[in-house]
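Enquirer: Please find one structure pasted underneath; my questions will follow.
Values in this text are rule-based calculations from the coordinates and carry no lab data. Predicted, not measured: the structure shown is a model, and the values here were computed from it. Cβ placement follows ideal geometry from the backbone for every residue including glycine, while neighbour counts extend to all protein chains displayed.
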Amino acid sequence: MRPAFWIGVTAAAACALTGCSNSSSNAGFSGRAKPVASTDIWGFQNGLSRQAAFWFAGQPDLVGLREARDHGVRTIINLRPVEHTEQYVHFDEPQAAFELGMEYFNIPVEPSTITPEAVEALATALQSTGRPVLIHGASMDEVGGIWAAYLVRYQNVPIDEAMASARAAGLTNDATFDAAIRAMVAPDSASLSEFANVETESAGSNFDN
């Protein structure tokens, strides 16, 4: 039997094999995520939004995983640390994903400590597996944060567009916002710093949109 899950933190070696690069086109990554009503797709009590082939969510239950599979999702990327999943999730998520015929990746992050290494692991996972993809955490906050950093570093999406996409995907917390900014790599670090200062000053009003 194949392993039920893969911890996606060895991204540096994997990128050498798969050709990850931050020079990719941003085609297919523009636009905003759209919230999905809980009455349309069950099993996502902490929120769900969709943008093209990407689903962003809080922790799904077994019903949510089955609903995702039935709506075509081929890959689950769980951002929760393994110990959190074991403590708070009352089913074996990696095994459930395997039994449902979906790829499963675990890239453990904390909302306020999103790292470049975690973003690199996400890029590796997205390049090596099928879509649609469900990316989830305990809530949608860390999902939005790592998504923004991924868009900037690996899809060349402008920072303001990436942060707007992140908010649409679930980013609401100031600490996660700051972590996402730190995890980004921009061609012009001065403009990144300037953007961070402006966005931090206006974060309260932006997060209400």
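Enquirer: If each residue's Cβ is checked for other Cβ atoms within 10 Å, how do MET163, MET102 rank with the fewest at the top?
Expert: In order of increasing Cβ crowding within 10 Å: MET102, MET163.
Enquirer: Taking amide H atoms as placed 1.01 Å from N in the peptide plane, list the residues 5 or more away in sequence, or in a different chain, whose amide H sits under 5 Å from that of TRP55.
Expert: Placed amide hydrogens put VAL133, LEU134, ILE135 under 5 Å from TRP55.
Enquirer: I would also like to ask the following. Charges at C-beta only: +1 for Lys and Arg, -1 for Asp and Glu. How large is the resulting dipole of the range 22-174 about its Cα centre, in Debye rounded to 20?
Expert: Dipole magnitude for the range 22-174 comes out near 580 debye.
Enquirer: Sticking with this one: Near VAL89, within a Cβ-to-Cβ distance under 10 Å, what is the net charge of the other residues, with Lys and Arg +1 and Asp and Glu -1?
Expert: With Lys, Arg at +1 and Asp, Glu at -1, the net is -3.
Enquirer: What ranking do TRP42, TRP147 get, fewest neighbouring Cβ atoms within 10 angstrom at the top?
Expert: TRP42, TRP147
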